[in-house]
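Only one structure is covered here, and it is reproduced in the block below.
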Amino acid sequence: MNIKNQFFIFVCMIIIGLVTFFAYVNAYALEKSEDTAKVLLSSITADLIAFESQLSVTAQLYPDCSEESRNALETMTLNYSVIKEVIFIRNNSTICSDRSATLTKEEVADFEIEKLPAGEKYAIYQIYDKKNEKTAIFFMVYIESGWYQIHFDKHVLELWLKEIASHHNVYAYLYNNKRKYLSNINDINSSDSIFYKAYEESTEFPIGISVGYTKALLFSLIVTFLPTGILLILANAIGVCILAHYFFFKRVPLYTEIQRGIYNREFYAEYQPIVSAISGQWIGAELLVRWLHPKKQTVMPAEFIPAAEQSGQINEITLQLFEQAAQDKKSMLAIDKPFYLSINVTASMIASPHFVQAITAIIERHPLLQSGIVMEFSERENFSNTDVSLLQSGMQALRDQGIKWALDDFGTGYAGLSTLQALSFDIIKIDRAFVAASATDSVTKSILGNIAQIGHNLNCNLIAEGVETVEQSEHVKALGIQSCQGFYYAKPMPFVRFLAKFKIHSTLPEEVGLSAQEIVGVQP
C-alpha cells in the first residue's frame, strides 16, 4: 500500500469521524433540550399547583377580600419572590389585592375577563402593565367565587429560567397555550436563532416550555466536545490505517510480496534426507521450499504456499528451485555416491504444457538433470479437477527427459487404483499419518500393511514419511518398505549442511541393501 492510498484512507476516516462527531453532537443537543424542558416544566407546574392550593385554602378559610384573606395573600406574595401581587376579581370587576382592600381601574392590569374561553379555569398571558410601564406576566386561576390574578415578576421569572437553563448549558423560554412567548425571547433576534428546540407543554395549565441552543451556546457545546472528538477521530483514523496496512501486507498483498520474493530470488530449498530402511544410509533428499523474507526471516511453506498455488506463482517458485537443484547437483556429483533429488509439483502444473516446456528448457540447459531427479505431487490434490490426459502427456514428456515420478501422501487423497495405474508412478510415498499410528494402533498397522501391499502390486518403490521412532522404522522395514523419511533420521536442513552430512551417511551401491539406482533407476 503506497502513501497515497494510506493518505486517502486517513482522509476518508477523518471525514467519517467528523460526520459521526456532529451526529453525536446533534443527538446530544436534542436529548439535552428535551430533558431540560421536562425539568423546567415540572418545576413550574409544581409551583402553579402550590399557588392554586394556597389560594383554594385561603378562599375556604376566609371571606373574600377580608383582612384575613388579604393577609394570607400577602404572606403568599412574600413567600414567593416570583409573585409581585395577587388580585381578586369577581363578576368582571376587580375587588381587592393582597395590599389593598379596594382598587381603582388604573391600578389594575388591562385584561378583560370576557376574553377567557368559557369553562376555562386557568389563563396565562402577557400585557403591558400601565402602572409600572413594563410588560407583565399574569397567571389567572378561578376558585369558587371568583378569579385570582397572580402578577409574576417577569425579571425574577426570567432569572430563574436562565439560571436553570444555564446550568444545563441551554436556552429556555416560556409560552402559553397559544404559543405566545412570555419570557426570555427578547434576548435573541428571533425564534429561528434557536437550534434543536424541544417543546414540553403542561397537561394541567395553559403553559409550555421551549428549550434549545442559541448560536453561542451551540458553538460552546461543540468546543466542549471538540478536544475529545478530535482525539477519538484521529485515533480511529490512525487505527484504521494501521489495520488496512496490516491487512494489505499480511493478507491481500501477500501475492505482491511473493512476486517480489520471486524477483529477488528469496525462495530456497532445505533438504530432508531419504534413507534406506534396511541400512539407514542416505540415498537422496526431498527439496522443501522456504522463504527468506527480508523482514520476517525464514517463512514456512504453510504461510505462503496456499496463496502461491492460488495465484499460480508456485510455478515460478518451482522453476527457480529446479534451477537451484541443477547447481546443487553439480556439488553432489563430486562425492561420487548414488543419490537423487525429489522436487514437489502439483498435478495442475504438469497438466500445463507451458510449465512442462519451461521444465524441459531448464533440463536442456542443465543436462545433469536428465538423471537423479524425481518429481512428486500430492494425492491430496483432487485429480478430478485436472485433465488426466493432459497430466499423462506432461508426465510422459518429462519422463522422456529422464524425470521419475512419485505420488506423495498416498492413502489420504482422491486417486483411485485406475488413476494410479494410468499415471504409472515410480515411487509411492506413504502418508505420515499411517506411519505415526502404526506402532500403537493395530487397525492402522493393518491399513499400513495393506497400503504397502498395494504399492508392491503396482510395482512401485515405497517411501514411508514421518518416521520419528525406532519402533516405526522397524515396523516399516518389516513391511518391505524400501525407504524412510522423517525426524528420526534428520530434519530438513540447508544444502551446505546436507552436503557435509551426506558425505558421512551415504554409501556405495554394494554396501546398501537397496541403492538409489534400485529405487528410481538412475545413475548419479
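Throughout, read-outs are computed from the coordinates displayed, never taken from laboratory work. Bear in mind that the values here come from a model prediction, so they are computed numbers and not experimental data. Positions of Cβ are backbone-derived with ideal geometry, glycine not excepted, and every protein chain shown enters the neighbour counts.
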request  = Can you tell me the equivalent ellipsoid semi-axes for the stretch 1-71? Use √(5λ) from the Cα gyration tensor, largest first, whole Å.
outcome  = 65, 7, 5
key: Student exercise, the stretch 280-391 dipole from Lys, Arg, Asp, Glu Cβ charges, in Debye to nearest 20   = 380 debye
key: Phi-based couplings in Hz for the stretch 317-331 (Karplus 6.51, -1.76, 1.60; Gly and Pro marked x)   = 4, 5, 5, 5, 5, 5, 4, 5, 4, 4, 5, 5, 4, 4, 5
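So what's the stretch 254-520 giving for Cα Rg divided by 2.2 N^0.38 Å, two decimals? Present the calculation step by step, with values, prior to reporting the outcome.
Values: Rg = 17.9 Å, N = 267, 2.2 N^0.38 = 18.4 Å.
Rounded to two decimals, the normalised Rg is 0.97.
Could you calculate the contour length gain from ILE447 to ILE16, that is, 0.36 nm times the residue separation minus the distance between their Cα atoms, to one decimal place in nm?
Values: separation 431, 0.36 × 431 = 155.16 nm, distance 6.16 nm.
Once the chain is fully extended between ILE447 and ILE16, it gains 149.0 nm.
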key: the stretch 254-520 - percent relative contact order, Cα under 8 Å, separation 6 or more   = 23 percent
remark   = Violations at 18 Å Cα threshold for listed pairs LYS404/LYS429; LYS134/LYS154; LYS477/LYS503 -> LYS477/LYS503
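Using the crude model of +1 on Lys and Arg Cβ and -1 on Asp and Glu Cβ, and no other charge, please compute the dipole size for the stretch 208-328 relative to its Cα centre, in debye to 20. Mind showing how you got there, number by number?
On the way: 8 positive and 9 negative charges, 161 e Å.
Taking the Cα centre of the stretch 208-328 as origin, the dipole is about 780 debye.
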remark   = Simple SL model, points at 7 angstrom along Cα→Cβ for ALA235 and ASN457; separation in nm is 6.8 nm
remark   = With R₀ set to 41 angstrom, the calculated FRET efficiency between the beta-carbons of THR224 and GLU204, to the nearest 0.05, is 0.70
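LYS180 to SER53: FRET efficiency via 1/(1 + (r/R0)^6), r the Cβ-Cβ distance, R0 25 Å, to the nearest 0.05? Numbers along the way, then the final one.
Details: r = 27 Å, r/R0 = 1.06.
After rounding to 0.05, the efficiency reads 0.40.
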